[in-house]
Each structure stands twice: as C-alpha cells, then as structure tokens.
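Structure first, then comments.
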Amino acid sequence: MGIKIVPRHGSSFKDKTYIWAIFSGMKTTFKKFSKNLADTNCIPTCEYPEAQPDDITDRYRGMHRLTHRDDDSVRCVACFMCATACPAECIFIEAEERTDGVDEKQPSRFDIDLLECIFCGYCVEACPCDAIRMDTGIFSIIARTREEFVVNKEQLLKNRGAFGQENSIA
Ligand code: SF4
Ligand code: SF4
C-alpha cells in the first residue's frame, strides 16, 4: 500500500514569515473599518453602557424574579424543585409554614448567588407553579462585593417582568 506523505502545515517559508497571514488579516480589518466609516448604521455593536441595547428578546434570560399571586403574596411553595435542578447549586431556600390557608409552605429565605449562576434557566423549567422567572430584562448586574451578588427573596419579589407578562396563571 502506498503511503501519502502530507507536508506539515506552516512549514513553508511563506508560512513561517507570517507576512501573508498578517496582510490577509489586515485586509479584512480595513475592509470592515472603511465600510463602518462610510455607514455607521452597519456597526453591530453599541457604546455600552452609555447606549443600552433596545433589541433584547423576551426569551433572553436575565436576572431572576419570584412571581406573585393575585393578592401580591409570594407564589413559591418552597418545594425545592428549582434548587434540586440547579446545576450550579446556587439557590438557597428555607421553608416555613404558610398560615393564611393559601398553601402549606412558603420560603422564609430564597437566595440566589448570581456569581455562581450560569443562567441556564433550569430553575424556571423545574418550577411546577411558575413561581420563578428570568424575564426581568436585567442583564447588567453590578455590585462591589461578592455578598451583593447574592440576591434575596425581597429583591427577587421586587423584580418585575419586562415583557408585559407579569403573571400568566391565576
Ligand atoms: S439559571 Fe441555572 S444556574 Fe442559575 S439559578 Fe437557575 S438553575 Fe441555577
Ligand atoms: S421557585 Fe418554584 S421550584 Fe423553586 S421552590 Fe419555589 S415553587 Fe418550588
């Protein structure tokens, strides 16, 4: 059987000098640069944070929120399904008895560590009662300390839906 010897890529003098590769890259750069200079509407980036993007789709997974019942109380029944499904293990829930007869339990503590969260949306998928969503449109989360990135129940309840779907089930 004949053996085909394939020359090692990058072993020629032309490849070793990198000159052609550099010119080829610069050609693309200048082509895009001159096109954007002629028509700034073509530029696919914005001057964030001065200019905020206005084309966030309602499927975008932003910061979480806990949804409300019609009486504005927390919808969450502290079943721990979201915390169990979370691959980053960044949801911390403590349950307490609910005494108003609406349900058996509610969370006394519901924290999410946003530094550990990978924004996969599994918690939203796992929730049996639509109590947690990621439709706040908050995609820029800024804090000075690690602790400030842990959002608690009160903060999560304060967040509202950004796409006109406050609560979809009764
Ligand atoms: S989005 Fe994913 S990683 Fe973040 S809290 Fe939900 S399940 Fe966990
Ligand atoms: S948010 Fe949903 S899944 Fe998580 S504990 Fe509450 S009811 Fe259960």
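The values are calculated or read from the model by the stated rules, or taken from the named source; none is laboratory data. Computed from a predicted model, the values in this text were never measured in an experiment. Here Cβ is always computed from backbone atoms with ideal geometry, including for glycine, and neighbour counts include all displayed protein chains.
How about region 52-80: which of its residues are among the charged types (D, E, K, R), assigned to a loop (DSSP other than H, G, I, E, B) and either at pLDDT below 95 or within 16 Å of ligand 1 (Cβ to nearest atom) (or both)?
If the condition is that a residue be among the charged types (D, E, K, R), assigned to a loop (DSSP other than H, G, I, E, B) and either at pLDDT below 95 or within 16 Å of ligand 1 (Cβ to nearest atom) (or both), then Asp54, Asp55, Asp58, Arg59, Arg61, Arg69, Asp70, Asp71, Asp72 are the ones that fit.
Filter region 84-130 down to the residues that are aromatic (Phe, Trp, Tyr) and under 20 Å from Ser73 (Cα atoms) and list them by number.
Phe92, Phe110 - these are the residues of region 84-130 that are aromatic (Phe, Trp, Tyr) and under 20 Å from Ser73 (Cα atoms).
Name the single residue, out of those in region 84-95 being within 8 Å of ligand 1 (Cβ to nearest atom) and small (Gly, Ala, Ser), that is farthest from the chain's Cα centre (by Cα).
Ranking the qualifying residues of region 84-95, first place goes to Ala85.
For region 58-104, give me each residue that is β-branched (Val, Ile, Thr) and touching a residue at least 60 places away in the same chain (Cβ under 8 Å).
To start, the set of residues in region 58-104 that are β-branched (Val, Ile, Thr) comprises 67, 74, 77, 84, 91, 93, 99, 102.
Those that are β-branched (Val, Ile, Thr) and touching a residue at least 60 places away in the same chain (Cβ under 8 Å): Thr67, Val74.
Whether any residue in region 27-37 is part of a loop (DSSP other than H, G, I, E, B) and surrounded by 11 or more Cβ atoms within 10 Å (Cβ to Cβ) is what I want to check.
Taking every residue of region 27-37 in turn, none turns out to be part of a loop (DSSP other than H, G, I, E, B) and surrounded by 11 or more Cβ atoms within 10 Å (Cβ to Cβ).
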